[in-house]
1. Go through Thr383, Thr154, Leu427 and say which Cα lies farthest out towards the positive end of the charge dipole of the chain; charges sit on Cβ, +1 for Lys and Arg, -1 for Asp and Glu.
2. Could you give log10 I(q)/I(0) at q = 0.07, 0.12, 0.14 Å⁻¹ for the chain, computed by the Debye formula over C-alpha point scatterers of equal weight, without solvent?
3. For segment 282-304 and segment 32-103, what is the separation of their Cα centres, given in Å?
4. Output the antiparallel fraction of DSSP beta bridges having both residues in segment 58-196, as a percent to the nearest 5.
5. Over the alpha-carbon set of segment 156-235, work out the extent along each principal axis and list the three values in angstrom, largest first.
6. Ratio of Rg to Rh for segment 188-319, alpha carbon only, Kirkwood?
7. For the chain, what's the relative contact order in percent, using C-alpha pairs closer than 8 Å and at least 6 residues apart?
8. Show me, for segment 228-244, the HN-Hα J-couplings you get by feeding each phi into the Karplus relation (A = 6.51, B = -1.76, C = 1.60, θ = phi - 60°), rounded to Hz, glycine and proline as x.
Amino acid sequence: MIALDIINKKKNKIELSNEEINFFVNGFTKKEIPDYQMSSLLMAILLNGMSELEISNLTEIMMHSGDVVDLSSIKGIKLDKHSTGGVGDKTSLVLGPIVASCGGIVSKMSGRGLGHTGGTIDKLESIPNFNCFLSIDEFKNVINKIGISIIGQTDSLVPADKAIYSLRDATGTVDSLPLIASSIMSKKLATGSDAILLDIKCGNGAFMKDLESAQKLGNIMIKIGRSLKKDIRVEITNMNQPLGIMIGNKNEIIEVIRTLSNKGESNFVKLCLSSASTMLVQAGIAKNELEGEKIAKESLLSGKALAKFYEFIEAQGGDVEAIKDPLFWNPSNKIEVLATENGFLEIYDSLVFGNVALKLGAGRKTKTDKIDFEAGIELNKITNDHVKIGDILFTLYSTKVIDLSLIKELNLGYKINNKVISNKIILDKIK
Ligand code: URA
């Protein structure tokens, strides 16, 4: 087979065979096919798309490019959840303990944050001594013991995606539906879970800017999962504004504890309970979402979910006393952003908030950047809160001295209206 022939086929909108995709992906991963030819194929895919068969073949080939985790020694339905990337997205850390405290088995592998989106692994690493890189045997042991473990993806998992993703980043080919679907699903399927809930973020802080493309991506991922006999459910959620009231790392851990103590922001709680209800249905613990939500809510109100969160932190070596200490999050610098008008706040661009948090030090621009766990943003007011001139809207935190120009930058992400707006968190659910 010749790489150029395959590029030309895709350029001419002809469907690629399984063998051709396999030749290209594995040849590239083994460095036998050069970057420039893969870049060309990626652009042809971005422009001409892929059929459902091509996408599911590509996913399966990528999935098998490295280790595939075998969780069959753990009894029961193993549940995973994945978000396509958001700002202030700590959902897994609330949802996982809720589901596990209700009897679900949560086996989750997460990634680090890159750019304006945060990563669950970074948030967990802000906890002293927490070990995100258990061996697979340790991962299974923790799940068997307490019903939940969350670890980082190992380098041996889906090496094809790592190689392809860094090229996509540099060649303007990230925003391709077949490439996003196969990238996400190959990693999720390689981690060995039986049932996966996908939270597709939709809005200006997300890959999917509108509901229609989010639904299209959701339907494709459900089909890929079905072809491999996995139970995939999709929720499409609003990412025009950050989730909850904290963006960062340590401050998001504090918000997780507050939420599990039943003091969470209402839209964020709504999302966690809705996702938990879906996962409890997938686990066969609830007959339907209504029952699932009732069970999840009871666990939250009774403190069972919070106790499970502490158990999970301890099981992976984390210092539980440290996160209960009021000085756990103790940034040395802060500045406040004040309202200059009266009215109702509307945060409409989470990308702006994510980028300001990144500049404060809460995220990384490149994979090797070091995160400042103290850095981040607190939303003192959220969308539809009534505000008066001089009220504190947001507080910016960092270990380093904060550049005042960040206030101006943040101004581009919100406005003050004279009436409240519709503010739904869950836009759609597909199964
Ligand atoms: N997340 C991924 O893992 N891959 C993509 O392509 C987009 C989002």
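1. Leu427
2. Debye output, listed in q order: -0.34, -1.00, -1.33.
3. 26 Å
4. Antiparallel: roughly 10 percent of the beta bridges in segment 58-196.
5. Taking the Cα atoms of segment 156-235, the three principal extents are 33, 33, 18 Å.
6. Rounded to two decimals, Rg over Rh is 0.98.
7. Value for the chain: 19 percent.
8. Per-residue couplings from phi come out as 10, 6, 10, 8, 10, 10, 10, 10, 10, 10, 5, 10, 6, 10, x, 8, x Hz.
The values are calculated or read from the model by the stated rules, or taken from the named source; none is laboratory data. Everything numeric in this text was worked out from a predicted model, so none of it was measured. In this analysis, Cβ positions are derived from the backbone assuming ideal geometry, glycine residues included, and neighbour counts consider all displayed protein chains. Ligands, DNA and RNA are stripped out before the accessible areas are found, and what is left, the full protein with its side chains, is counted by its heavy atoms. Shrake-Rupley method; radii C 1.70, N 1.55, O 1.52, S 1.80 Å.
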